[in-house]
Structures are given as structure tokens and as C-alpha cells.
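Engineer: My questions all concern the structure below.
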Amino acid sequence: MQPQQSPKVAIIGGGWAGIACAVELAGQGIPVTLFEAARQLGGRARRVDWEDLAIDNGQHLMIGAYRETQRLLARLGTSGKLERRPLELLVPGFRLRLPTLPAPLHLAIGLLTARGLSLREKFAAARFMQHLQALNFKLPADRPATELLEQQRQPANLVARLWAPICIAALNTPLELASAQVFCNVLRDSLAGSRADSDLLMNRADLGSLLADAALAYLAGHHSEVRLASKVNTLVRQEDCFNLDGPDFTATQVVLATHPARLPALLFGVPELAGVIAQVSTFTWQPILTLWLRFAAPLAFPFPMLGLGDSQAPWAFERNDIAPGIVAIVMSAEGPHLALTPDALRDDYLRLLARQLGPLPTLLGWKTIIEKRATYTCAPNMQRPGNRTPMDGLYLAGDYTAGADPTNAYPATLEGAVRSGVECARLLLADQK
Ligand SMILES: Cc1cc2nc3c(=O)[nH]c(=O)nc-3n(C[C@H](O)[C@H](O)[C@H](O)COP(=O)(O)OP(=O)(O)OC[C@H]3O[C@@H](n4cnc5c(N)ncnc54)[C@H](O)[C@@H]3O)c2cc1C
């Protein structure tokens, strides 16, 4: 095989990381070819057809601090499909609402006026945030989040109502397994960030309309190609280019943007990346379950997102944007709920929903989606690969990568995925110069 004359860029994987990378490069005048194994783009945040409706594989929540995600959606012209609301956590017997005031006043007033916490618990929360602020949110050593909260003498009720729900929702990892450092990074960017950073952003269109459809149109208009249902089996290094086995495509630069569990098979023939494979082989996975409910009439939610209990409990989302009467109930991470039969789980969650909202309208249909490898377990001291690999011309994008600043690691989120894609585009462009 002769070395290529002009650069030819391939992106393997069309989740949010791969799409972000492709759009960034195409927008800067670099044509790309994106290979996606599935028949649609989106990966772990995608559209699913259910009866006559387009729903999401799982309810996703974003926050104002998701800057790169918002920039991507703005570029694609779909940011208007996000609804922005000041942060509000509404759980039985507890409410935290951050007022529209400048930081840090919004947090101070929010904590002071929180319902369901004693004065002692409110001060404990404020003291904890002050302690983290004094450390600039950098812990001297990582450890399980439970240990940090115990050491900071956070009362059990405060942990159950505030810290555990935030940790489980953001890291998709039970508190006792979760990295205290990544938890602190999340608190820094949400509660302790600017008021706008802590805002909740909810998609008011299915995830396919939010990203995948617009990305396909954008890439087609920027001299780039998307090949769906096109699985790459392995990557083979050939002199100064790469052959993608499966589609049989040769590229000079490749961005691998797959789920980390797919890397060992893809990199089978690339011994230079044995270190990366060793790193991701230590990862374990956490599931996310979403129960979709279709009622005969819309439900009267006091806020579009409603906690159904303390600690690790499901959250209900009003999704009347999909169709009037649609509700998504999300349960993060591993737990005993996974041992229930689908009917028992549905009945359990309907009971919790009715406890909050009163008698429910007639249920017309329901569907459970379990993503078994929704995210990696966000454990303390994880060794995550960087976006640049030891091999010239080969880059890694995905929510599992360490990012440009490894001390500032994000959990497995849309923003983590998008940031990694943009960073790979930046590195690749710099290497072309
Ligand atoms: C149910 C659920 C709920 C979630 N909720 C939230 C939330 O509320 N907020 C939030 O920020 N994050 C949430 N997340 C996490 C978020 O969805 C992920 O972090 C993000 O989508 C990961 O994107 P990615 O591009 O890194 O990987 P992926 O989405 O896994 O993309 C990888 C892509 O590569 C493709 N692929 C794999 N192998 C090959 C191959 N050999 N050849 C070609 N293509 C291949 C796959 O088909 C896939 O499309 C949730 C995830 C799930 C599953």
C-alpha cells in the first residue's frame, strides 16, 4: 500500500463523541468519513421507535455547565429544543430550588430556603461546599464519596436527600463505589458554578431530532460522508496509514469513538495500544433503566423532573413534548430493582408516581429499556486513556477518556463525550499542520 498523498480522516463510532469530532472537523474544512455500526447515529443517546412515537433509549438530563454540548447543538441549529430551568430538586419531603440570583448567592439562598432539611443540616451542607471551595475542589487523594461525606460529618438525612441523588444521577455510580474527586468536579460545575451553569437543560424533542438528524444534514453539507450499518472489525496499521477492516477503507488519521468495551477487538492488531486495552479492561459497568409510560391524559407535574424517593430512587420526567401523557421514569446504577420482573417494577413505579401526583390517568402502554453498559463505574483513581495515543494519527474519543485536563475528569456524560470529540479534532488538526 502506498502512503496517502492527502490526509484522509476516518471516525469510527457515531455516538455523541464521534459526531462532535466529525462536526468540528467538517466545520473547519476537513472532510471526514464516519463509520457507525448501527443503522442510526447517537450511540447511547439515541432515538427509539415505540408504537407511533419517537422516544429516547433513556431519558437524558443536561446542565448549563455542558458548554461544548450547547456549542455543538447551537452549530447544528437545535439548541432551541432544550428547555432551560433554574435547578430544582423535588423529592418527597424535600425541595431545593436555586433562585435566579448571581453565584454564590443562589446557592446560599437555595440552601437556606430548602425544605426538608434542619438548620443543622443546611449549615453542614454550606460548610461542606465551603470546605471544597477552599480546596479549589481538588482533593489531596481520591477515595469513595461515602468516605469524604463521613469525614466531613454530613448528616445521614442530608446525604440521603441531597448528596446521594446528585452523585448517583451524575456519576451513575452508587455513593460507596463513586469517586469523591469526580463527585467534587460535578459539584464545582453545578452547585458551585455560576447560576446559569447549575440550570437544568431538558431535551424537548427526541434525541435523534436533537443531534443525529441535524448532524447528518450538517456533514452532508460539509463534504463529509456518514456510513451507517458499517461496522469496523479491526484496525490494521499499514506503513503510514490505517486500513479499516470491514468497510475496507484506508485513512491517514483515525479517531476511535466507540464504547470502551469495543476497543480490545478493534485494536487486536495494534500492539502499541496494549496499555490502553489494559486500562479499559479494568473498567466495570453500570446500567440505567428507563420505564416509558403512556397515559390517556397529561399528568400535572409541579416541575418536569420529580424525585420519587430518597437516595437511590427513580426520577420521573414529564415528556409531553413527545406526546401528551408521556412520562419517563429513570433508575440509575445497579441495585435490587434489576431483580424485579418488568410488571412488578412498573407497578412499583406507578405506585411511587401516584404517591406524588395523586390518582393517575388510564395507562395506555409502557416499555422498559435497560442499557446494561450505560456507563463505566466511576470509581476512585480510575486510570483513563488520553485522547492522543502512542501511535501517530490515531486518537481516542469517548466519555471514558481522560480529557485535556485529567485532573478535571468528568463522569460518563454527554458533555464528557462531546468534549473528547472536540479535543480529538483539535489534536488532529494540529498534527496536520
Ligand atoms: C440510558 C442512559 C441514560 C443516560 N443519561 C445521561 C444523562 O442524563 N446525562 C448525561 O450527560 N449522560 C447520560 N448518559 C451517558 C451518555 O449517554 C454517554 O456518556 C454518551 O452518550 C457516550 O457517548 P460516546 O460517543 O462516548 O459513546 P457511545 O454512545 O457508546 O458511541 C459509540 C458508538 O460507536 C459505535 N460502534 C461501536 N463499535 C463500532 C465498530 N466496531 N464500528 C463502527 N461503529 C461502532 C456504536 O454503535 C455507538 O454508536 C446516559 C446513558 C444512558 C445509556
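FYI, it's all coordinate maths here, none of it is from the lab. As the structure is a prediction and not an experimental result, all values here were calculated from the model. Neighbour counts run over all protein chains shown; Cβ positions are idealised from the backbone, glycine included.
Engineer: Would you give the gap between the C-alpha center of segment 392-427 and the C-alpha center of segment 201-252, rounded to a whole Å?
Structural biologist: Each part reduced to its Cα centre gives a spacing of 17 Å.
Engineer: Any aspartates and glutamates with Cα under 15 Å of the Lys231 Cα? List them, leaving off those in the same chain fewer than 8 positions away.
Structural biologist: Counting by Cα, and skipping residues close in sequence, Lys231 has these aspartates and glutamates nearby: Glu36, Asp245, Asp248.
Engineer: When the expected Rg is taken as 2.2 N^0.38 Å, what fraction or multiple of it is the alpha-carbon Rg of segment 381-433?
Structural biologist: Normalised by 2.2 N^0.38 Å, the Cα Rg of segment 381-433 equals 1.08.
Engineer: So what is the relative contact order of the chain, in percent, for Cα pairs below 8 Å that sit 6 or more residues apart? Before the final figure, lay out each step's value.
Structural biologist: Values: 898 pairs, mean separation 105.8, N = 433.
Taking the mean separation of contacting Cα pairs over the length of the chain, I get 24 percent.
Engineer: At 0.36 nm per residue, and after removing the present C-alpha to C-alpha distance, how many nm does the segment from Arg75 to Gln238 gain when stretched out fully?
Structural biologist: Working it through step by step, the gained length comes to 55.1 nm.
Engineer: Binning at 10 angstrom from zero up to the longest distance, how are the C-alpha pair distances of segment 1-146 distributed in percent?
Structural biologist: 8, 23, 25, 23, 15, 4, 1, 0
Engineer: Test of understanding: extend the Cα→C-beta vector of Lys138 to 7 Å, then name every residue of segment 397-433 with backbone N under 18 Å from that spot.
Structural biologist: Within reach of a label on Lys138, which here means backbone N under 18 Å from a point 7 Å along Cα→Cβ, segment 397-433 contributes 402-410.
Engineer: When you have a sec, figure out the Kirkwood radius of segment 259-371 from all distinct Cα pair distances and drop it here in Å to one decimal?
Structural biologist: Values: mean 1/r = 0.0615 Å⁻¹.
It is 16.3 Å.
Engineer: Please quote Rg/Rh for segment 317-432 to two decimal places, taking the Kirkwood radius as Rh and restricting both calculations to Cα atoms. Write out the running numbers ahead of the final one.
Structural biologist: Values: Rg = 20.3 Å, Rh = 17.8 Å.
With Rh from the inverse mean 1/r over Cα pairs, Rg/Rh is 1.14.
Engineer: Additional query: Going by how many other Cβ atoms sit within 10 Å of their own, how do Trp285, Trp315 line up, fewest first?
Structural biologist: So the residues, fewest neighbours to most, are Trp285, Trp315.
Engineer: Under the rule of -39500 (n - 2.57) per DSSP H run of 4 or more residues, summed and divided by the residues of the chain, what mean residue ellipticity at 222 nm is obtained, to the nearest 500 deg cm²/dmol?
Structural biologist: Values: 13 runs with 130 residues, N = 433.
Using -39500 (n - 2.57) per qualifying helix, the result is -9000 deg cm²/dmol.
Engineer: Per q in 0.09, 0.11, 0.18 1/Å, what log10 I(q)/I(0) does a Debye calculation on the alpha-carbon atoms of segment 189-320 return?
Structural biologist: With one equal scatterer per Cα and no solvent, log10 I(q)/I(0) is -0.53, -0.75, -1.15.
Engineer: Treating only the Cβ atoms of Lys and Arg (+1) and Asp and Glu (-1) as charged, compute the dipole magnitude of segment 1-85 about its Cα centre; round to the nearest 20 debye.
Structural biologist: The dipole of segment 1-85 has a size of about 300 debye.
Engineer: Which ³J(HN,Hα) values, rounded to whole Hz and listed in residue order, are derived for segment 266-278 from phi using the Karplus coefficients 6.51, -1.76 and 1.60 in 6.51 cos²θ - 1.76 cosθ + 1.60 with θ = phi - 60°, glycine and proline given as x?
Structural biologist: Per residue, the Karplus-derived 3J(HN,Hα) values read 5, 9, 3, x, 10, x, 4, 9, 4, x, 5, 5, 4 Hz.
Engineer: Also: In whole Å, what is the distance between the alpha-carbon centres of segment 74-129 and segment 257-336?
Structural biologist: Their Cα centres are 23 Å away from one another.
Engineer: Quick one: length gained pulling Thr100 to Asp347 fully straight, 0.36 nm per residue minus the C-alpha distance?
Structural biologist: The span from Thr100 to Asp347 would gain 85.2 nm if fully extended.
Engineer: Given bins 10 angstrom wide, list per bin the percent of all Cα-Cα distances in the chain, short to long.
Structural biologist: 4, 21, 30, 26, 14, 4, 1, 0
Engineer: Please report, largest first and rounded to whole Å, the three semi-axes of the ellipsoid equivalent to segment 1-69, where each semi-axis is the square root of five times an eigenvalue of the C-alpha gyration tensor.
Structural biologist: Equivalent ellipsoid semi-axes, largest first: 30, 17, 8 Å.
Engineer: Can you tell me the dipole magnitude for the chain around its Cα centre, using point charges on the Cβ only (Lys, Arg +1; Asp, Glu -1), in Debye to the nearest 20?
Structural biologist: 1000
Engineer: Let me ask something additional. Beyond 16 Å, what share of the Cα-Cα pairs of segment 121-196 is found? Please give it as a whole percent. Spell out each step's value before the answer.
Structural biologist: On the way: 1250 of 2850 pairs.
Tail of P(r) above 16 Å: 44 percent of Cα pairs.
Engineer: Something else about it: With a 10 Å radius around each residue's Cβ, average the other Cβ atoms per peptide and rank 211-219, 95-103, highest first.
Structural biologist: Result, highest mean Cβ count within 10 Å first: 211-219, 95-103.
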